[in-house]
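Visitor: Just dropping this structure here.
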Amino acid sequence: MDRRKALGFLAASAAALAARPVLGEDEALLERPIPSTGERLPAIGMGTWITFDVVGDAAALARRSEILAAFFAAGGRLVDSSPMYGSSEEVLGERMPPNAAGRLFAATKVWTVGALPGRRQVEASRALWKVKRFDLLQVHNFLDWEVHLPILQAMKAEGRVRYVGVTTSHGRRHDLAARIMRTQKIDSVQFTYNVARREVERDLLPIAAERGIAVIVNRPFDGGDLFGPKTARPLPGWGREIGCATWAEAFLKFIVSHPAVTCAIPATSQVPHMRENVGAMKGPQPDAALRRRILEDYERA
């Protein structure tokens with residue numbers, strides 16, 4: 001779904017933007033610590049599922065260069081990908097801008113069966129990204145995790161990767177995620193969380209907080225399904241209280257204001273949307289009461 005169409009009428013968007021508080025360019029960005037080390041990351045990263053699988057499309061490749069440049073110019077750091085995402089890793093390696101130097105927090109995944117194929121896949125990904133080592137390697141959707149996770153942990157001990165973790169999405173296999181989080185030594189877990197999918201508030205988010213595990217949130221817009229009739233109207237008055245002009249920003253602020261969340265990774269193919277996404281790191285964040293109002297206003301629309 002095209003987000004601009006889904007967000008509704010241009011007039012409503014223009015009115016919301018006009019009412020938006022002016023935020024300073026040098027305003028501090030929201031950062032969150034990785035619990036296992038205390039290293040701080042900007043609370044909005046970037047995903048690449050679907051959006052960066054564009055090898056062979058010159059116009060699309062040029063836009064990806066612009067998106068990456070805008071992301072790092074706005075203070076972004078964490079970029080997440082996977083061998084599952086078609087040509088995304090190749091595109092990242094070819095289009096990573098000069099302003100990413102010294103800033104990129106490179107996160108990818110192992111997505112294969114078997115120890116040797118896993119090692120080969122990690123090395124192939126590293127070559128595609130053109131990085132000396134990854135900051136974070138994750139077992140994608142738990143595929144052969146009992147084989148891969150010990151290998152990633154050994155790589156970390158050898159200094160060949162900085163952090164290790166596991167991922168899931170679409171609300172799947174939370175029971176396994178909980179078991180791994182409770183029994184394995186991992187730095188990070190990635191799963192789906194948004195205003196429409198909040199099951200993790202009952203189980204995975206509390207476990208992450210208890211165990212000191214970083215949380216990376218995928219599908220913050222539920223694959224675009226959050227946008228539609230409910231977001232065709234301007235934000236209620238609370239939008240101004242937290243410096244938001246659009247529902248997209250409000251959705252992201254709802255996520256990253258949860259104390260157990262480290263980073264959300266929206267994906268986009270549009271530079272204006274990238275700037276809108278990273279804008280969610282600026283300005284006030286909703287407290288518990290305002291988070292409830294966001295949910296109530298969205299659910300009853």
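The values are calculated or read from the model by the stated rules, or taken from the named source; none is laboratory data. This one's a predicted model, so the numbers in the text were calculated from it and none came from an experiment. Here the Cβ positions follow ideal geometry from the backbone for every residue, glycine too, while neighbour counts run over all protein chains shown. For the accessible areas, the whole protein counts, side chains as well, though only heavy atoms, and no ligand, DNA or RNA atoms are used. Shrake-Rupley method; radii C 1.70, N 1.55, O 1.52, S 1.80 Å.
Visitor: Scan the range 282-300 for residues that are without any contact (Cβ under 8 Å) to a residue 12 or more places away in the chain and surrounded by 11 or more Cβ atoms within 10 Å (Cβ to Cβ) and jot them down.
Guide: Of everything in the range 282-300, those that are without any contact (Cβ under 8 Å) to a residue 12 or more places away in the chain and surrounded by 11 or more Cβ atoms within 10 Å (Cβ to Cβ) turn out to be 292, 296.
Visitor: Of the residues 112, 37, only one is of a type in the set (Ser, Thr, Tyr), loosely packed, with under 13 Cβ neighbours inside 10 Å and modelled with pLDDT of 95 or more; which? Before you say what the answer is, go through the steps one by one.
Guide: Numbers: 112 fails: loosely packed, with under 13 Cβ neighbours inside 10 Å.
37 is the lone residue from the list that is of a type in the set (Ser, Thr, Tyr), loosely packed, with under 13 Cβ neighbours inside 10 Å and modelled with pLDDT of 95 or more.
Visitor: Condition check: touching a Pro at 6+ places or on another chain (Cβ under 9 Å), outside any helix (DSSP H, G or I) and among the aliphatic types (A, V, I, L, M). Does residue 260 satisfy that? Show your work before the answer.
Guide: Working: touching a Pro at 6+ places or on another chain (Cβ under 9 Å): yes; outside any helix (DSSP H, G or I): yes; among the aliphatic types (A, V, I, L, M): yes.
Yes.
Visitor: Also, I was wondering about something else. Any residue at all in the range 136-158 that's touching an Asp or Glu at 6+ places or on another chain (Cβ under 7 Å) and open to solvent by less than 10 Å² (accessible area, probe 1.4 Å)? Break it down into steps so the answer makes sense when it comes.
Guide: The first filter runs over the range 136-158 and keeps only residues touching an Asp or Glu at 6+ places or on another chain (Cβ under 7 Å), leaving none.
No, the range 136-158 has no match at all.
Visitor: Can you work out which of the residues in the range 94-109 that are of a type outside the set (A, V, I, L, M, F, W, C) and open to solvent by less than 10 Å² (accessible area, probe 1.4 Å) is nearest to residue 282 (Cα to Cα)? Don't jump to the end; show me each part of the working.
Guide: Narrowing the range 94-109 to residues of a type outside the set (A, V, I, L, M, F, W, C): 94-95, 97-99, 102-103, 108-109.
If we keep only those that are open to solvent by less than 10 Å² (accessible area, probe 1.4 Å) too, we end up with 108-109.
On the way: 108: 26, 109: 29 Å.
Once the filter is applied, the top-ranked residue is 108.
Visitor: Among the residues of the range 65-82, count how many are touching a residue at least 60 places away in the same chain (Cβ under 8 Å) and either more than 20 Å from residue 256 (Cβ to Cβ) or in a helix (DSSP H, G or I) (or both). Even if it seems obvious, please write down each step before you answer.
Guide: Of the range 65-82, the ones touching a residue at least 60 places away in the same chain (Cβ under 8 Å) are 66-67, 70-71, 74-76, 78, 80.
Applying the additional criterion that residues be either more than 20 Å from residue 256 (Cβ to Cβ) or in a helix (DSSP H, G or I) (or both) yields 66-67, 70-71.
Number of matching residues: 4.
Visitor: Take the conditions farther than 20 Å from residue 256 by Cβ and under 20 Å from the mean Cα position of the chain (by Cα) and apply them to residue 140. Does it pass? Working first, answer last.
Guide: Working: farther than 20 Å from residue 256 by Cβ: yes; under 20 Å from the mean Cα position of the chain (by Cα): yes.
Yes.
Visitor: Separate question: Identify, by number, the condition in (1) more than 13 Å from residue 79 (Cβ to Cβ); (2) in contact with a helix residue (DSSP H, G or I) (Cβ under 9 Å, 6 or more places away or on another chain); (3) among the basic types (Lys, Arg) that residue 109 doesn't meet.
Guide: Status for residue 109: all satisfied but (1).
Visitor: Quick test of your reading of the structure: residue 168 fulfils all but one of (1) within 27 Å of residue 197 (Cα to Cα); (2) open to solvent by 20 Å² or more (accessible area, probe 1.4 Å). Name the failing condition by number.
Guide: (2)
Visitor: What strands (runs of 3 or more DSSP E) completely inside the range 129-222 contain at least 3 residues that are free of Cβ contacts under 8 Å to residues at least 40 places away in the same chain?
Guide: Values: elements: 134-139, 161-167, 188-192, 214-218.
The qualifying strands (runs of 3 or more DSSP E) are 134-139, 161-167, 188-192.
Table: residues versus (1) closer than 22 Å to residue 28 by Cβ; (2) at pLDDT 95 or above.
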| site | (1), (2) |
| --- | --- |
| 252 | yes, yes |
| 257 | yes, yes |
| 261 | yes, yes |
| 267 | no, yes |
| 271 | no, yes |
| 281 | yes, yes |
| 285 | yes, yes |
| 290 | yes, yes |
| 300 | no, no |
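Visitor: Further question on the same structure: Limited to the range 191-214, what total is found for residues that are in contact with an Asp or Glu (Cβ under 8 Å, 6 or more places away or on another chain) and farther than 17 Å from residue 294 by Cβ?
Guide: 3
Visitor: Also, I was wondering about something else. Only one of (1) part of a helix (DSSP H, G or I); (2) open to solvent by 50 Å² or more (accessible area, probe 1.4 Å); (3) not β-branched (Val, Ile, Thr) fails for residue 233. Which number is that?
Guide: Exception for residue 233: condition (1).
Visitor: Search the range 236-265 for residues that are surrounded by fewer than 22 Cβ atoms within 10 Å (Cβ to Cβ) and pair each with any residue that is acidic (Asp, Glu) and in a helix (DSSP H, G or I) when their beta-carbon atoms are under 6 Å apart and the residues are at least 6 apart or on different chains.
Guide: 236/297
Visitor: Residue 123 - would you say it is open to solvent by 60 Å² or more (accessible area, probe 1.4 Å), closer than 27 Å to residue 60 by Cα, part of a helix (DSSP H, G or I) and without any contact (Cβ under 8 Å) to a residue 12 or more places away in the chain? Reasoning before the result, please.
Guide: Numbers: open to solvent by 60 Å² or more (accessible area, probe 1.4 Å): yes; closer than 27 Å to residue 60 by Cα: yes; part of a helix (DSSP H, G or I): yes; without any contact (Cβ under 8 Å) to a residue 12 or more places away in the chain: yes.
So residue 123 passes the test.
Visitor: Of the residues 173, 211, 182, 202, which is more than 26 Å from residue 93 (Cα to Cα), modelled with pLDDT under 95 and over 18 Å from the mean Cα position of the chain (by Cα)? Show your work before the answer.
Guide: Working: 211 fails: modelled with pLDDT under 95; 182 fails: modelled with pLDDT under 95; 202 fails: modelled with pLDDT under 95.
Every option except 173 fails the conditions.
Visitor: Here is a further query. Pull up the range 92-112, narrow it to residues that are closer than 20 Å to residue 189 by Cα and in a loop (DSSP other than H, G, I, E, B), then point me to the one that is farthest from the chain's Cα centre (by Cα). Break it down stepwise before answering.
Guide: Filtering the range 92-112 for residues closer than 20 Å to residue 189 by Cα gives 104-112.
The next check asks that each one be in a loop (DSSP other than H, G, I, E, B); those that pass are 104, 111-112.
Working: 104: 14, 111: 18, 112: 22 Å.
In this case the residue turns out to be 112.
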